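Worksheet: one structure, shown below.
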Amino acid sequence: MKALSRLAIPTTLALAAAGAHAQSSVTLYGIVDAGIAYVHNAQGTGGVNQSTLVKFSSGNLSGSRWGLKGTEDLGGGLSAIFQLENGFNVGTGALGQGSREFGRKAIVGLASNTFGTLTLGRQYDPLVDLVQPLTEDGPFGGVFGTPGDLDNYDNSLRVSNSLKYTSPLIAGLQFEALYALGGVAGATGNGQTYSFGAGYANGPLSLAAGYFFANGGNTLTSGVRTWTSSSDSLFNTVINQGFASANSIQIVRAGGEYAIGAVTFGLAYSNTQYGSDAFSAFHETAKFNNGSAFVNYQFTPALRAGVGYNYTSLTGPASAHYNQVNLGGDFALSKRTELYALAGYQKASGHTLGTNGKAVAAQASIGDFGVSSGTDTQELVAVGIRHKF
């Protein structure tokens, strides 16, 4: 009997462990996206214009990444979840998102079938989750994006040290809210971020809108603010780098799309404001208004093409206008691998601010591609391959 008991105990434990393991899962996934890009009007070293740039280009449709995500069933419709996602450059192997190990996403939380999902960590804001999928960024990436990604059209910005609630889907309606702590002793508002949004889908129609606010923190360099917020910076190109000393970013975005058979139409609008104070290099709120439209056509199950138009205006401390037209197409070789081609043209006019806060002629810089032109026009063509695993 003693021998049988000694055998029964470890057997029972093994069965219990097997049952617990069956209720948990971990998935490895990723995207590898690479191609070659040609840019006409690209600024060279030292600000010298060069008429042609041919470069290896990583992440044209989607940022290259690998990640782990998992879930554990806690019973009663409640699960523990996590996700760790790393971004990288295919051409060099370098880490993305400021060389963070998991710069794209790092979260842990609880998900309930009844009450929704609460996540903590570094993550996307509600506008990215709800509005971005209804823009041309979804199928064709940041080349179609707002010039300089000044309104986070292509999710250049992520939010660290944040808590986010996502509601369950109720009759096609879903909403999200996010708050991120600034972490400054005695000054709760410094560096904080908050955002909320809602989306609705019913048959061929999808709509979404939301609001985002981030405080720039209180770090000064030679008396001028350096952005130190729970949210990343958006001041990465000639389109808006003159506003890097802003004390806040405020974004209102809305978008919608409608599908009729093989055709999908989409419209989007954003109002982005960079606030100023005594520690900013500019002294009037910079307001960017952007409107975009696109049409996509699914020729076959494997072949899709799209065209988009993007108009942006700057008012406040300067006045500038940007007109951009884009074309895109992709061909699926399988469910996980596709070939693509992208093209864009942009015309800039008026004046914006340079890094010193002085007025400079507006330069073209297509979408979120990030190449300065040194001139008021720019053309771009990119071809590549994307594989998902």
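The values are calculated or read from the model by the stated rules, or taken from the named source; none is laboratory data. Everything numeric in this text was worked out from a predicted model, so none of it was measured. Ideal geometry is used to build each Cβ from the backbone, glycine not excepted, and the neighbour counts take in all protein chains shown.
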Only one of (1) over 16 Å from the mean Cα position of the chain (by Cα); (2) modelled with pLDDT under 95 does not apply to GLY216, and that is (2)
Looking only at segment 177-195, count how many residues are among the aliphatic types (A, V, I, L, M) and touching a residue at least 40 places away in the same chain (Cβ under 8 Å).
4
Residue in segment 196-211 that is outside any strand (DSSP E or B), without any contact (Cβ under 8 Å) to a residue 40 or more places away in the chain and buried (at least 21 other Cβ atoms within 10 Å of the Cβ) present
no
Take the residues in segment 52-88 that are of a type outside the set (Gly, Ala, Ser), crowded, with 19+ Cβ neighbours inside 10 Å and part of a strand (DSSP E or B), then tell me which one is farthest from the chain's Cα centre (by Cα).
GLN83
Output the number of the condition that ILE239 fails; it satisfies all remaining conditions of (1) in contact with an Asp or Glu (Cβ under 9 Å, 6 or more places away or on another chain); (2) assigned to a strand (DSSP E or B).
(2)
Working only within segment 175-191, note down all residues that are crowded, with 16+ Cβ neighbours inside 10 Å and on the phi < 0 side of the Ramachandran plot.
PHE175, GLU176, ALA177, LEU178, TYR179, ALA180, GLY182, VAL184, ASN190
Only one of these is among the hydroxyl-bearing types (Ser, Thr, Tyr) and either under 26 Å from GLY374 (Cα atoms) or without any contact (Cβ under 8 Å) to a residue 60 or more places away in the chain (or both): SER231, SER222. Name it.
SER222
Looking at (1) more than 26 Å from ASN215 (Cα to Cα); (2) crowded, with 19+ Cβ neighbours inside 10 Å; (3) in contact (Cβ under 8 Å) with a residue 40 or more places away in the chain; (4) not aliphatic (A, V, I, L, M), can you tell me which one ASP129 breaks?
(1)
If we scan segment 331-340, do we find a residue that is within 21 Å of the chain's Cα centre (by Cα) and modelled with pLDDT of 95 or more?
yes
What do you reckon, is ASN296 in contact with a Lys or Arg (Cβ under 7 Å, 6 or more places away or on another chain), in a strand (DSSP E or B) and surrounded by fewer than 18 Cβ atoms within 10 Å (Cβ to Cβ)?
no
Would you mind telling me which numbered condition in (1) at positive phi; (2) in contact with a Phe, Trp or Tyr (Cβ under 7 Å, 6 or more places away or on another chain); (3) modelled with pLDDT of 95 or more GLY350 fails?
(2)
Being part of a strand (DSSP E or B) and either of a type outside the set (Val, Ile, Thr) or under 20 Å from SER57 (Cα atoms) (or both): is that true of SER162 here?
yes
Do we have any residue at all in segment 184-192 that's in a strand (DSSP E or B), more than 18 Å from LEU157 (Cβ to Cβ) and of a type in the set (Gly, Ala, Ser)?
no
How do the pairs read when you match residues in segment 267-283 that are surrounded by 20 or more Cβ atoms within 10 Å (Cβ to Cβ) with residues anywhere that are among the aromatic types (Phe, Trp, Tyr), using Cβ under 6 Å and keeping only pairs 6 or more apart or on different chains?
THR272/PHE288; TYR274/PHE243; SER276/PHE282
Considering every residue within segment 188-205, establish whether at least one is in contact with a Ser or Thr (Cβ under 8 Å, 6 or more places away or on another chain) and aromatic (Phe, Trp, Tyr).
yes
